[in-house]
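Engineer: Just passing along the structure, written as structure tokens.
The values are calculated or read from the model by the stated rules, or taken from the named source; none is laboratory data. The structure presented is a predicted model; accordingly, all values stated were derived computationally and were not measured. All Cβ positions, even for glycine, are placed from backbone atoms using ideal geometry, and neighbour counts span all protein chains on display. The protein model used for the area step is the full one, side chains on, heavy atoms only, and it has no ligands, DNA or RNA in it. Shrake-Rupley method; radii C 1.70, N 1.55, O 1.52, S 1.80 Å.
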Amino acid sequence: MKKLILVTSPPACGKTFISKKLGKALTNCVYLDKDTLIVLSKQIFAVAGEEYNRSSDFFQKEIRDYEYYAVLDLAFEALDYNDTVLINAPFTDEIRDDEYLDSLRAKLKEKDAELFVVWVHADIEVVHQRMIKRASDRDSWKLANWDEYISTQNFNAPTNIPELFIFDNSTEESYKKSIDEAVKAIRG
């Protein structure tokens with residue numbers, strides 16, 4: 001059975017690291033990263049004369065959802081050519097929305113594919129330190145306004161997804177255990 005794997009969590013939990021390691025462990029997996037679209041998003045901010053702030057109302061209204069539409073369109077197209085497609089993206093709102101998930105599952109069914117969601121768990125202080133260490137301009141506002149930013153993030157794993165795997169990325173030991181278990185769960 002074909003699978004669309006969503007690797008999700010709030011920013012800086014380790015989605016990219018986990019996604020890349022998981023993609024390689026699965027072999028012959030199409031890897032898609034929503035962050036690849038940031039170059040286009042930055043251009044939208046510039047053309048609109050808006051400050052580059054991925055936590056802004058402008059981003060939420062004019063850019064955010066379109067990044068998801070684009071990466072999902074690429075994933076659906078990839079499922080025509082490969083049995084396993086992995087998307088590295090937060091999906092923080094979408095994975096808690098049953099209507100959204102039902103619609104996604106229906107589209108996947110048309111491709112003879114099923115959904116598999118990996119929730120990357122990391123402790124909030126670990127997330128803070130990772131965000132500081134990666135020193136990305138996409139995190140500038142978040143770090144400068146940490147308390148405000150962190151209050152908007154939900155670090156609890158969603159409870160509405162039967163096809164959910166919780167990947168513990170808080171320590172090296174928990175990572176090693178989770179990567180093996182995730183591959184087994186995905187491959188069934």
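Engineer: Could you tell me how many of the residues in the range 77-95 are assigned to a helix (DSSP H, G or I) and surrounded by 16 or more Cβ atoms within 10 Å (Cβ to Cβ)? Lay out the reasoning, then the answer.
Structural biologist: If we filter the range 77-95 for residues that are assigned to a helix (DSSP H, G or I), which is where we start, we get 77-78, 94-95.
After this cut, where a residue has to be surrounded by 16 or more Cβ atoms within 10 Å (Cβ to Cβ) as well, the list is 78, 94-95.
Here the count works out to 3.
Every residue, every condition in (1) within 23 Å of residue 112 (Cβ to Cβ); (2) modelled with pLDDT of 95 or more; (3) open to solvent by less than 20 Å² (accessible area, probe 1.4 Å), yes or no:
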position: 1; (1), (2), (3): yes, no, no
position: 9; (1), (2), (3): no, no, yes
position: 13; (1), (2), (3): no, no, yes
position: 19; (1), (2), (3): no, yes, yes
position: 34; (1), (2), (3): no, yes, yes
position: 47; (1), (2), (3): no, yes, no
position: 63; (1), (2), (3): no, yes, yes
position: 66; (1), (2), (3): no, yes, no
position: 69; (1), (2), (3): yes, yes, no
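Engineer: A further question follows. Look at the range 49-61 and say how many of its residues are surrounded by 15 or more Cβ atoms within 10 Å (Cβ to Cβ) and in a helix (DSSP H, G or I). Before the answer, list the steps.
Structural biologist: Within the range 49-61, the first condition is being surrounded by 15 or more Cβ atoms within 10 Å (Cβ to Cβ), and the residues that meet it are 50, 52-56, 58-59.
Filter again for in a helix (DSSP H, G or I), leaving 58-59.
Residues in the range 49-61 being surrounded by 15 or more Cβ atoms within 10 Å (Cβ to Cβ) and in a helix (DSSP H, G or I): 2 in total.
Engineer: So, in the range 140-165, how many residues would count as being touching a strand residue (DSSP E or B) at 6+ places or on another chain (Cβ under 6 Å), assigned to a loop (DSSP other than H, G, I, E, B) and not β-branched (Val, Ile, Thr)?
Structural biologist: Qualifying residue count, the range 140-165: 2.
Engineer: Going by what's in this entry, would residue 118 be described as part of a strand (DSSP E or B), of a type in the set (A, V, I, L, M, F, W, C) and closer than 25 Å to residue 165 by Cβ?
Structural biologist: Working: part of a strand (DSSP E or B): yes; of a type in the set (A, V, I, L, M, F, W, C): yes; closer than 25 Å to residue 165 by Cβ: yes.
It is true that residue 118 is part of a strand (DSSP E or B), of a type in the set (A, V, I, L, M, F, W, C) and closer than 25 Å to residue 165 by Cβ.
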